[in-house]
């Protein structure tokens, strides 16, 4: 199993593209596919921003992550099968496709030139660990939460309550923001 950061990032890109294909063709449970896409994109972005980008000139990539998160939030709110869902999905596919193309043609080749194999593996482990933490937080059980909500459920409630900054919040912060908002 590959552990270098470039391979791990590109594997995630192919997984996202596969989920996009399922959504575009209407295969399977669309809500579940959107939830899977949401978790993977958020975890992937956080892992890149926290573990990979600090050593790179990646300001533009961070901005593209933020744009994708806004579209992703809109997709989560949209009802599958509606024109709004299709339009939002098309915008998200185009936005993420552009980001992936730039990252794979510019940022990752630059990283490959500046980092040796040992450093790429170190970054890969750090990326993988951070992504796993975020995926667990997004989909894990909230046993300490009084209502038993997962982070993903709290995030969805925060979206419905239009709480600003929700994509940057951890589970506890989401719960506190919802409580403060009276949701």
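Any read-out appearing in this document is the output of simple, stated calculations on the displayed coordinates, not a laboratory observation. No experiment lies behind these values; they were computed from the predicted model shown. Glycine also receives a Cβ, built like all others from the backbone with ideal geometry; neighbour counts cover every protein chain displayed.
Annotations for the structure displayed:
- Rounded to 10°, Cα long-axis angle of helix 30-47 versus longest principal axis of the chain: 50
- Approximating the spin labels as points 7 Å out from Cα along Cα→Cβ, the residue 117-to-residue 86 distance works out to 5.0 nm.
- Tilt relative to the chain, helix 117-139 - C-alpha long axis, 0 to 90 degrees, to 10: 10
- Inter-site label distance for residue 31 and residue 129 at 7 Å from Cα along Cβ, in nm: 3.7
- Between residue 105 and residue 168, the C-beta separation translates, for a Förster distance of 22 Å, into a calculated FRET efficiency of about 0.20.
- Identified option (computed Rg/Rh (Cα atoms, Kirkwood Rh); candidates (i) 1.10; (ii) 0.96; (iii) 0.98): (iii)
- Rounded to 10°, Cα long-axis angle of helix 83-102 versus longest principal axis of the chain: 20
- Fewest-first ranking of 48, 79, 64, using other Cβ atoms within 10 Å as the exposure measure: 79, 64, 48
- Expressed as a fraction of 2.2 N^0.38 Å, the value expected for a compact globular protein of N residues, the C-alpha radius of gyration of the range 32-125 is 1.22.
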